[in-house]
Structure formats: structure tokens, C-alpha cells
Amino acid sequence: MSLEAALLESRTLRDGLSERVDALDKVKILALLPDGVHATTRMVADYYEVPLEAVKSHVKDHREELERGGYRVLAGQELREFKALSGIDPRTPWLGVFPRRAVLNVAMLLRDSPVARRVRSYLLDAEETARPTARPGVRSEPEVFRAAPPRRRRQDLHRDEYESLRDDPAGQAWRRRIDGLEPFEPVRGSDPATAGSPGTEERLSRIESRLDAHGAVIMAMGDRLCRYGDDLRAVRGDVTAIRRDVAELRRGRRA
């Protein structure tokens, strides 16, 4: 089956080419209503040089497809307003109008119109030209998507005092003493591991200050919990008193 025959039979193919309205003016000048947007059924028939009934027949058989392309029937107030803008005969009871996309749809439906054949030929040629062609003998390689390099974690970007102390020989020696692995003794002057590592005492002082701050926070939280405990005990006493009063009321009613 040729591409043109497939276009006449396949709505999917027609939908894929329905935006190429430039093909109309490439083949022949399309007359439009004074609004410059729409054409009547008669104008479409004149453009494709076919009888009026041929266009009406395709509107009847492919109405849904043409309506997706913008075809619609005007009547009532909408028609009256359109008449005032486009100079349509006031006695016209209704009017079918085609925008360029719907006119192009008709070209892909009319089999026996020479103008429609030329439009279809232009569409298919333009589509073929737009497709990328591979050079003979050259195998196209699929596009390779490479994963982005892994982002560095925050802990890899920042080293705080604890990490510095962990990698410091003096800090390691101090840690062994804290864990009881070595006898505790002053850091400076008694352990060779501390030699040549200035700033260790300053870092340890910072850690001690932080621990003191954490301890103060924990103590404050403990005090608050204690106050909550007193409040809970008071609430519990109130609930017990209410239960006792309710029990006495029930006993009085039964009596």
C-alpha cells in the first residue's frame, strides 16, 4: 500500500499531519471569509474543484474527525454575530465553517480531487524531507545516557572537631585513656603520642564545653518533666475526686 493510500485510510496518519496547514497555500490560494480564518462548505468545494455534495458527504461520514480539526455549524445568536462580521446572507438559517486545519483534513479524505492529491503529495514529501536520514554504511548509535557522578555527602564535605580528634594521634591516645585501655595521665609531657600536635587541648576544651551545654539542656528538660509530673499528679487527684462524687450521686439516686 502506498503512503497516499494509507493516508486516505488511516485516521492516525491524518492526525499526525493535520498541523501542516501551510500545504494549502503551497498548492493553491485558499479563499476565506472576511474574518480571515474560516471557509464555508462552498469555498472548500471550490478550492478542491469538486461538487458541493462531495464535501458534504465527507462531513457526514467523518464529522467527528473534522470537528476535532475545528469544523462547526453556526446557528442562533452565534450565527447572527458571525453574519455581522463576515457579511453572510442574513437569510442563512445555519452555516458550516472550516478553519484551515479542517480544510486540510478534507484534502486527506477526498480521493478524486486533483487538488487534494497535490496537497497530499506535498504533505508526504515534506514529511519525508523532515525525517533524519542515516548515511549509507554508517550505523547509527543509540544515545548513551551517562549517570551523573554521585554527589558528595555532607559528612564528606565537613569535618568537625570530633572527626579531627578521631584522626589525631593525640586524640586517639586520649580516647584510649577514656575507654580504660591505657592508664590515665596528663596528655602533654607524658605521652609521646601527643608530641607535635598543637591545638589538641583547644579541641578537647571545645568538646568539653559542648558536653556542658548538652548537660544543661538535659537538666532543663528534666526539670520540665518534673513539673509535668506534678501537674499530672494533680490531674489524677482531680479525676479521682470526680469519680468519687459521681459514685455518691449514683448511690443517692438508687436510694
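The values are calculated or read from the model by the stated rules, or taken from the named source; none is laboratory data. Everything quoted here is computed from the prediction, not taken from an experiment. Using ideal geometry, Cβ is built from the backbone for each residue, glycine included, and neighbour counts are taken over all protein chains shown. Surface areas here come from the heavy atoms of the whole protein model, side chains and all, with no ligands, DNA or RNA. Shrake-Rupley method; radii C 1.70, N 1.55, O 1.52, S 1.80 Å.
For the range 240-255, filtering for residues that are modelled with pLDDT of 75 or more and either under 55 Å from the mean Cα position of the chain (by Cα) or among the small types (Gly, Ala, Ser) (or both) leaves 3. Consider the range 35-47 and keep the residues that are in a loop (DSSP other than H, G, I, E, B) and in contact with a Pro (Cβ under 7 Å, 6 or more places away or on another chain). The one that is least open to solvent (accessible area, probe 1.4 Å) is His38.
Would you please name the residue that is surrounded by the fewest Cβ atoms within 10 Å (Cβ to Cβ), looking only at residues in the range 67-104 that are among the β-branched types (Val, Ile, Thr) and more than 30 Å from Arg11 (Cα to Cα)? Selected residue: Thr92. Of the residues making up the range 105-118, those that are open to solvent by 30 Å² or more (accessible area, probe 1.4 Å) and either outside any helix (DSSP H, G or I) or β-branched (Val, Ile, Thr) (or both) are Arg111, Asp112. Checked against the criterion of being in contact with a Leu (Cβ under 9 Å, 6 or more places away or on another chain), surrounded by 13 or more Cβ atoms within 10 Å (Cβ to Cβ) and either closer than 17 Å to Ser113 by Cβ or among the aliphatic types (A, V, I, L, M) (or both), the candidates Leu32, Leu24 yield just one match: Leu24.
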